[in-house]
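Worksheet: one structure, shown below.
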Amino acid sequence: MYFDTIRIRAAHFAALRKIFLIMKITTFLLLISMLSVSASSLAQKITLNQRNASLEKVLEEIRRQSGYDLFYTYSMMDNSKPVSVDLKDATVDEALKISLDGQSLTYEIEQNTIVLKFKPQLPAAPKKADKTVLSTVSGTVTDTLSRAIPAATVKLTPGKYVTATDVKGAFAFRNVPAGTLEIEVNDETQTSMHVLRLKQASTGLNEIVVNTGYQKIKPEQSTGATARIGTKEYESQVSTNFLEGIVNKLPGVLINNDVKFQGNSLFQIRGLSTMTSTAQQPLIVIDGYPTSLTLDLLDPNEIESVTVLKDAAASTVYGVRASNGVIVVERKKAKEGRPLVNFRTTIGITPKENHSRYKWDPNQTSTQIAINEPLIPTYALFFGNALGITPSALPPDILIAMRNYLGKNTAAQDNQTLASLIAYNNSKDYDRLFLRNAVTQTYNLDLSGGSKSANYYITANYTGNTLTQRNNNNDQFLLSGRTVLQFNPKFSLDLETDLLDQHALASPVPDISSTYSYERFVNSAGNPAPTYVGSGGDPYYNQTLMGRGGLDALYYPLVDMNLIHNKTHITSAHLMANFIYQLGNGFNLNFGGVYETSQGTIKNLYPLGSSFTNRLIDNYAVPNASGGLTYNVPLGDFLQQANSQTSSYTGRLMLTYNKTIGKDHSINGIIGTEISDAISQVNI
């Protein structure tokens, strides 16, 4: 059975009744005057002339002329028929009977209140041979305070039995086949009386709470600017990480991985802090406690709500850490019940960029050469006398033109070489050699259940990312467990454990904008070719150096991408315990804390033959007596390793007070103390 929303039309009588209650403290003569006005308005006759009008409009006119209260639900008007009436000085009863003639509705009048209800739908009378037993099922509908709920729609199944409660919350079904309904009927002569109590939802349809991390309060009780989204809004799109779920959903929160500021992706609230000593990102609070770990600790499948504290009022709670705003994340909690298992997997494919299709000037090569041409005399002035041994790398078109300028090339050779450069654009080769379609795969398994005294919520999540740059990928495994232990009705404990293991493999891939469009990544034989940017000198200087026994110091993007490997391994742990003791009379005592630790290892391997290692060896080489070079750095691979460790803890003792006075007043307050500490160490 279900209960519709009640629509109340009580414009006159309800107002008079409210005035009557307020005016108890006034004079007796004024009270008599008010009652006289009320009596005269309720005694009015009904005069009505309508043609093919809606039933709702006719009933509204009867309510207005009679001064009666009118109760009905929106769904009652769904199948109503147009009404044509012509009444003059009719009673309320006569007007209602004529208006509802041929409709599926009937009415009751009690204490100047009209309650509409569905006409009972009676089954066909049983045949003589049919031994079906018919009974009457009745009851009342009340709320948790035993107050009657009028005009509530009631259904019995199986079968199409529909009615509505009267002003006292009562309903009745007659001639109902026994034994076929959820409500038990003992025999054909007994009338079963059932009291149905509607429980109030813990959160109303439009009720929103502001979660500050320390307490949950109503928006009107918050002095700061806030924004909030719940599970439904967060999961409106599939997300593989936490930030994807809040992009473009929270006013004032800006997230864009393509925009960099001070070396970090754009992630801010309102703007950037002017405090250079603080991080440029918001403070993240997870389940009531600030975290010093990365956002990878948050599984996007576990988000219950996200609240943003956007202005300076957050600083009264979190101090200077809130200078860039605060994002409070509440994760899903354990719930009692039978074990429930959910499995979710997603795959996302992002096509690689097609640089030849957009962003770039189709005549980029000739444009770049035209820009460099006026610079040739200047370069010749500085490098002309030392051309061929200069350690400074110059763009290929400048080198070619400068050699012609200095008379080392003929004009025909110069023009032929420049023409070959102009005819080539490396955007297609860049996309083919360095990029691929990015693929993200996620697998999420969660298990929940338990009893009133102990329940659990366990989640395992694996995410694997194949990045768009070749030889770049990462993956992570997250194991999370949350449990609530109820020792007695007043004393409970929340426990959380999160373990995170991350791996990343990175190889250097050049940005297409860092190369000249006429530069080739492979030569005519298909072997890797060097580029100007990143090389330790121009090709003529490099030839001179190699002639003396030095290593090739030019930058070959394809060689470095396949040789250099940077590996990162991070393990993190998040442990939280929070005790809650209900002291009574609105007082609760909370005490607990959180401990976080993270250890990371970075290994950067630069094998011999990569531009980094070759240049490092050349830089420390010195000429010897035989005319060659003596190496002061051993010929071999170069390994760079760094270890980092972060640990932090927060302890908290807090007394909260939350008291509701009447219907319109409440008092909220917190008092407590907190201690925290964070240590970071890096060894290179």
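The values are calculated or read from the model by the stated rules, or taken from the named source; none is laboratory data. The structure presented is a predicted model; accordingly, all values stated were derived computationally and were not measured. So basically every Cβ, Gly included, is an ideal-geometry build from the backbone, and we count neighbours across all protein chains shown. Note: accessible area is taken over every heavy atom of the protein model, side chains too, but ligands, DNA and RNA are not part of it. Shrake-Rupley method; radii C 1.70, N 1.55, O 1.52, S 1.80 Å.
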Could you tell me whether Gly636 is part of a loop (DSSP other than H, G, I, E, B), over 19 Å from Asp287 (Cβ atoms) and open to solvent by less than 80 Å² (accessible area, probe 1.4 Å)?
yes
Taking segment 541-557 only, how many residues are surrounded by fewer than 17 Cβ atoms within 10 Å (Cβ to Cβ) and not in a loop (DSSP other than H, G, I, E, B)?
4
Go through segment 226-239 and give me each residue that's crowded, with 17+ Cβ neighbours inside 10 Å and in a loop (DSSP other than H, G, I, E, B).
Ser239
Near pairs, Cβ below 7 angstrom, 6+ apart or cross-chain, from segment 584-598 (part of a strand (DSSP E or B)) to any residue that is surrounded by 16 or more Cβ atoms within 10 Å (Cβ to Cβ) and charged (D, E, K, R):
Phe591/Arg652; Gly592/Arg652; Gly593/Arg652
A careful count of residues in segment 505-532 that are open to solvent by 40 Å² or more (accessible area, probe 1.4 Å), within 26 Å of His565 (Cβ to Cβ) and in contact (Cβ under 8 Å) with a residue 24 or more places away in the chain gives 6
I'd like to check something: does segment 430-439 contain any residue that is in contact with a His (Cβ under 8 Å, 6 or more places away or on another chain) and crowded, with 16+ Cβ neighbours inside 10 Å?
yes
Condition first: surrounded by 11 or more Cβ atoms within 10 Å (Cβ to Cβ) and hydrophobic (A, V, I, L, M, F, W, C). Now tell me which residues in segment 409-418 satisfy that.
Leu418
Among (1) within 30 Å of Ser356 (Cβ to Cβ); (2) buried (at least 18 other Cβ atoms within 10 Å of the Cβ); (3) modelled with pLDDT of 80 or more, Gly450 falls short only on (1)
Considering (1) surrounded by 12 or more Cβ atoms within 10 Å (Cβ to Cβ); (2) over 30 Å from Phe487 (Cβ atoms), say which one Ile684 fails and leave the rest.
(1)
Restricting to segment 577-627, name every residue that is open to solvent by less than 30 Å² (accessible area, probe 1.4 Å), out of contact with any Ser or Thr (no Cβ under 7 Å at 6 or more places or on another chain), under 30 Å from Asn562 (Cα atoms) and not hydrophobic (A, V, I, L, M, F, W, C).
Asn604, Ser610, Ser611, Thr613, Asn614, Asp618
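Output the residue which, of all residues in segment 396-408 that are over 17 Å from Arg520 (Cα atoms) and open to solvent by less than 20 Å² (accessible area, probe 1.4 Å), is modelled with the highest pLDDT. It would help to see each step written out before you state the result.
Applying the first criterion (over 17 Å from Arg520 (Cα atoms)) to segment 396-408 yields 401-408.
Now restrict to residues that are open to solvent by less than 20 Å² (accessible area, probe 1.4 Å): 401-402.
Working: Ala401: 70, Met402: 67.
Step by step, filter segment 396-408, then rank; the result is Ala401.
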